[in-house]
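No value in this document is a laboratory result; all are computed from the given coordinates. Remember, it's a predicted structure, so these values are computed and weren't measured experimentally. Cβ placement follows ideal geometry from the backbone for every residue including glycine, while neighbour counts extend to all protein chains displayed.
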Amino acid sequence: MAINTCYGASASADPVRAVAELAAQTGSTDKDGLLFFCSPDFDLAALGRELARTYRCPTVGCTSSGHFGPAGFQRSGIIGVTFSGGGLRLRTYPVTPLAAYVDQV
């Protein structure tokens, strides 16, 4: 089985626009999974709702203090990679509240 990847990014701080730009670059249908990194400046609940509405696949991501996008290092926005082809399966497992795990590291 193949693993096909497609990369996308958006510098927008608006969750709806950022996800729309990401989906325009990666496609949002027939995907096995999405891995993303985003700025903590997003309204994360709104971003999560928009990602769930747009991508019908397991979605795994986290905030970051910055990431490398098409224009180089970015402190804001979102980057992501989609996987398709059936060669990879993502399984989501939320770790919440994360603060409870700090002392265990």
| field | Most positive-pole-ward Cα, Thr26, Ser64, Met1, against dipole of the chain from beta carbon charges | value | Met1
| request: Would you grab the residues whose amide H sits under 5 Å from the one on Thr63? Only those 5+ places off in sequence or on another chain, please, with H modelled 1.01 Å from N. | output: Cys38
| note | Rg from C-alpha atoms of the chain, normalised by the globular rule of thumb 2.2 N^0.38 Å, equals 1.08
| said: Can you give me the distance in nm between label points at Tyr7 and Thr92, each placed 7 Å from the Cα along the Cα-to-Cβ direction? | reply: 2.5
| note | Computed ³J(HN,Hα) along the range 78-95: with the Karplus parameters 6.51/-1.76/1.60, θ = phi - 60°, integer Hz and x for glycine or proline, the list is 9, 10, x, 9, 9, 10, 8, x, x, x, 8, 10, 9, 10, 7, 8, x, 10
